[in-house]
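Written below as structure tokens is the structure these notes are about.
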Amino acid sequence: MTQQFKKKPEQLDYIFRPRSIAVIGATPRKGAIGREILHNLITYEFNGKIFPVNPNYSVIHSIKAYSSILDVPDAVDLAVLVVPRDHVISVVDQCGEKGVRGLVVITAGFREVGPIGLKLENQLVERLHYWGMRMIGPNCFGIINTSSKIRLDATFSKVYPTEGKIGFMSQSGGLGESILEQAREMNLGLSMFASVGNKANISGNDLLEYWKDDPDVDIILLYLENFGNPRRFTKIAREVAAIKPIVAVKSGTTSKGAAAASSHTGALAGAEVAVDALFEQTGIVRVETIEELFNVAAGLARMGVPRGNRVGVLTNGGGPGILATDSLVNLGMEMPEYSDETKAKIRPQMPPDTPINNPLDLIAGAGAEQFKTALEAAMQDDNFDTIFSMFVPLITVNQMEVADAIVDVKKRYDKPLCACFMGVSEYSQGLSLLRSNGVPATIFPEPIAKMLAQIERYRRWKERDEGALPNYDVNREAVRKIIDDALHEGNEALVGEKALDILDAYGLRIAPYEYAHSVDEAVQVAASVGYPVVVKVNTPKILHKTEFGAVKVDLRDSDEIVSAWKEMEQKVRSEVKSDEEFSVVVQKMVKGGVETVIGMTTDPAFGPLIMFGLGGIYVEVLKDVSFKINPLTHADARAMIESCKAYKLLTGFRGSEPVDLDLLAESILRVSMLVSDFHEIVELDVNPFIINPTREQTATVDARFVVKSLS
């Protein structure tokens with residue numbers, strides 16, 4: 001009978017907190033994975049029962065071995081499978097019959113090798129559902145739990161990690177050994193480690209949920225190559241990051257074929273745009289390398305999250321101080337001056353007339369006593385949230401004494417303290433002393449500066465006002481009819497009146513316009529809406545009218561209207577060869593303001609991406625745009641606006657009047673709401689959306705939609 005199968009975070013206890021483990025495929029042959037996993041379980045002193053399983057041996061590693069999991073006399077919580085690929089499913093069935101609840105399948109040769117492997121993996125997943133089991137893998141490096149109550153190392157690594165508060169998930173088994181080695185070198189303790197392999201059953205989403213409320217995990221590190229379910233990941237990661245920091249490396253970018261997109265938004269949405277948006281919205285600290293991953297982890301583990309971005313730097317070398325200052329300031333950190341009280345405390349340690357600035361140069365001969373005095377004063381200075389101590393070892397100064405002084409100060413004050421020992425090796429005693437006593441330390445200043453800036457972004461995200469999802473009074477029925485009619489007629493591109501009517505139904509102000517089907521009518525309409533006007537060819541066959549020369553702007557009299565009509569009609573007839581009746585849109589020209597673009601494109605994995613940026617004809621040239629995953633909150637909309645380089649233009653530049661930023665954010669949110677309400681919309685451009693200081697001056701000038709049937 002098929003068991004009821006519901007995925008619950010606590011089910012992972014059978015994997016990470018088992019009372020008994022069977023290693024199926026254990027062997028006495030040194031160098032074999034089955035032997036090394038059994039050896040690690042024994043050597044790491046697993047606090048539970050271990051059962052080697054292999055029909056060819058009666059004893060393995062001085063422990064009684066069993067021919068089958070069914071022969072094991074005791075209950076088994078976790079089975080680690082190191083058997084040939086074609087035997088995995090039959091062994092899984094035996095585990096299910098035995099009542100095993102958790103599996104770690106080391107065996108490779110599944111979806112990563114092609115269609116045959118994928119078929120086997122799908123069958124494997126079916127058996128897991130049948131038996132109600134959870135599984136890490138297949139094609140993985142194994143798992144670790146360093147807790148003194150568990151002591152579980154079910155990997156084939158040669159590195160034994162120390163106990164700590166970091167949960168690490170790696171999608172790459174090949175990186176497992178280097179990850180564990182790097183953690184050991186930096187004296188960073190792990191709580192749990194999981195190489196998830198193909199993520200056939202347990203994914204990063206499951207681990208995030210499991211670690212969310214786990215008291216043994218304070219920091220979560222992720223190495224990701226892809227997202228199985230990015231929409232679920234977004235929801236879970238946002239909840240987890242609000243409680244404990246998540247730091248991630250994302251590799252494996254993919255091409256999206258943006259050149260084939262019909263909208264500006266689609267063309268601008270590169271392969272990593274959605275990933276950047278996801279991490280930014282969920283509060284995940286994205287880093288570029290494994291080295292950065294561990295630097296940020298060290299900062300979080302050893303000093304926590306500083307209360308602000310103000311850094312005080314002190315050093316015994318002017319050059320290093322300048323390097324640190326440049327890095328910090330360029331990354332958005334602040335370097336205020338030392339307070340008068342602090343200067344008074346430091347002054348007796350300094351040569352006469354030496355300036356006391358930030359960075360503070362203690363001069364080359366400064367030793368442990370000078371560093372200790374200056375650090376104590378700096379740690380008590382309310383002008384700073386973090387103190388950065390830099391030391392260049394000289395032959396006349398004992399670096400261990402300086403390291404001892406830094407550690408002593410660190411232990412007596414709560415303020416975050418980090419350090420840089422330049423000119424030493426990664427294995428120097430001074431550096432090791434600092435790290436083992438809770439001081440993040442590197443051999444160059446730039447990694448510390450970047451680490452502080454990355455943690456500061458997390459602090460700002462965590463303290464942000466989340467805002468709320470929009471709920472405006474709109475005319476959904478009108479939009480439903482427009483989209484249904486278009487799809488019924490086979491029209492996927494909506495431009496002109498239909499596109500503007502959709503936006504009008506959702507509360508975006510439209511610049512006044514009328515259609516003209518003759519040159520005389522165009523002259524009459526221009527007089528009616530009022531000069532100056534813009535004249536645009538009215539045909540869905542021309543999506544980007546400016547590129548085609550199908551738009552004439554700032555027309556001020558009837559002669560210019562006639563000339564524009566003749567030129568555009570001739571071009572359409574000769575180049576587009578359209579058999580449609582030639583007509584134009586005559587629209588009131590919006591004066592002043594800033595041309596912006598609001599758009600949306602649909603990522604196949606992440607769903608709708610909303611775009612905002614500097615608009616008009618240069619949108620794809622300047623590429624001053626920001627993306628976020630839909631739906632948006634008020635905070636998201638404001639963040640999109642403020643992240644663009646053109647933000648200064650919006651807030652008033654060289655005497656210009658600031659635009660209505662609240663109205664701009666509202667307009668972005670109305671588009672977000674429209675996209676949420678109608679999943680048939682797969683692309684859209686509102687370009688230009690001309691934002692002015694007042695609502696009355698602001699208007700949408702042009703728009704285009706691409707819609708597709710959901711069936």
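None of the figures in this text is laboratory data; all of them are computed from the coordinates on show. The structure presented is a predicted model; accordingly, all values stated were derived computationally and were not measured. Using ideal geometry, Cβ is built from the backbone for each residue, glycine included, and neighbour counts are taken over all protein chains shown.
Over the Cα atoms of the range 9-217, what Rg and Dmax result, in angstrom?
15.7, 44
Over the range 580-711, what relative contact order in percent results from Cα pairs under 8 Å that are six or more residues apart?
Once divided by the residue count of the range 580-711, the mean separation gives 28 percent.
In a shell of Cβ-Cβ distance under 13 Å around residue 346, excluding residue 346 itself, what net charge do Lys and Arg (+1) and Asp and Glu (-1) give? Write down the numbers at each step before the final one.
On the way: positive: 343, 345, 347, 372; negative: 337, 340, 341, 361, 369, 376, 381.
Around residue 346, the surrounding residues sum to -3.
Quick check on my link table: of 235/645; 8/199; 98/199; 8/462; 30/199, which ones sit more than 18 Å apart, alpha carbon to alpha carbon?
235/645; 98/199; 8/462; 30/199
Each residue of the range 430-445 in order: what ³J(HN,Hα) in whole Hz does its phi give by Karplus 6.51 cos²θ - 1.76 cosθ + 1.60, θ = phi - 60°, with x for Gly and Pro?
x, 5, 5, 4, 4, 5, 6, 10, x, 10, x, 9, 9, 9, 9, x
Going by alpha carbons, how many degrees (0 to 90, nearest 10) lie between the helix axis of 368-379 and the longest principal axis of the chain?
That works out to roughly 50 degrees.
Which ordering of 632, 222 is given by a fewest-first count of other beta-carbon atoms within 10 Å? Working shown, then result.
Values: 632 27, 222 21.
With the sparsest Cβ surroundings first, the list reads 222, 632.
I want the local charge near residue 171. Using Cβ-Cβ distances under 9 Å, sum +1 for each Lys or Arg and -1 for each Asp or Glu among the other residues.
Its environment carries a net charge of 0.
How big is the antiparallel share of DSSP beta bridges in the chain, given as a percent to the nearest 5? Each step should come with its number before you reach the end.
Working: 52 of 104 bridges.
Antiparallel: roughly 50 percent of the beta bridges in the chain.
Can you list which of the trypsin sites (Lys or Arg not before Pro) found in the range 634-711 are DSSP loop residues with at most 10 other C-beta atoms within 10 Å?
Working: sites: 638, 645, 648, 654, 670, 695, 704, 708; in loops: 645, 654, 695, 708.
Sites meeting the loop and neighbour criteria: 654.
At 7 Å along the Cα-to-beta-carbon direction for both residue 113 and residue 677, put a label point, then send me their distance in nm to one decimal.
Distance between label points: 5.3 nm.
What order, most packed first, do the peptides 98-106, 559-567 have when packing is the mean number of other Cβ atoms within 10 Å of each residue?
98-106, 559-567
Name the long-range amide H neighbours of residue 197: under 5 Å, sequence gap of 5 or more, or other chain; modelled H, no Pro or chain starts.
HN-HN under 5 Å from residue 197: 141, 173.
When a/c is below 1.5 the answer is rounded, else prolate if a/b is larger than b/c, else oblate, so apply that to the range 555-711 with a ≥ b ≥ c taken from the square roots of the Cα gyration tensor eigenvalues.
oblate
By how many nm would the segment from residue 710 to residue 581 grow when fully extended, if each residue of separation counts as 0.36 nm and the alpha-carbon distance is taken off?
Gain on extension, residue 710 to residue 581, equals 43.3 nm.
Under 10 °C and 1.306 mPa s, how fast does the range 406-551 diffuse according to Stokes-Einstein, given a Kirkwood radius computed over C-alpha pairs? Answer in µm²/s, whole number.
71
Which angle between 0 and 90 degrees, to the nearest 10, do you get for helix 558-571 versus the longest principal axis of the chain when only C-alpha atoms count?
60
Tell me, in nm to one decimal, what length is gained between residue 444 and residue 337 on full extension, where the rule is 0.36 nm per residue of separation less the Cα-Cα distance? Spell out each step's value before the answer.
Working: separation 107, 0.36 × 107 = 38.52 nm, distance 2.30 nm.
Taking residue 444 through residue 337 to full extension adds about 36.2 nm, to one decimal.
Hey, which lysines would be in cross-link range of residue 552, C-alpha to C-alpha under 26 Å, not counting anything within fewer than 8 residues on its own chain?
By straight Cα distance, residue 552 reaches 498, 536, 541, 566, 571, 577, 588, 591, 623.
Quick one: grab Rg to one decimal and Dmax as a whole number for the range 304-462, Cα atoms only, in Å.
14.3, 45
Calculate how steeply helix 290-303 sits against the longest principal axis of the alpha-carbon atoms of the chain, using the helix alpha-carbon long axis, and give the answer as 0 to 90 degrees to the nearest 10.
Once rounded, one gets 70 degrees.
State, as an integer percentage, the relative contact order of the chain based on alpha-carbon contacts under 8 Å between residues 6 or more apart.
Computed value for the chain: 9 percent relative contact order.
Arrange the peptides 198-209, 362-373, 467-478 so that the one whose residues have, on average, the most other Cβ atoms within 10 Å appears first.
Peptide ranking by packing, descending: 198-209, 362-373, 467-478.
Along its three principal axes, how long is the chain when you only count alpha carbons? Whole Å, largest extent first please.
99, 85, 41
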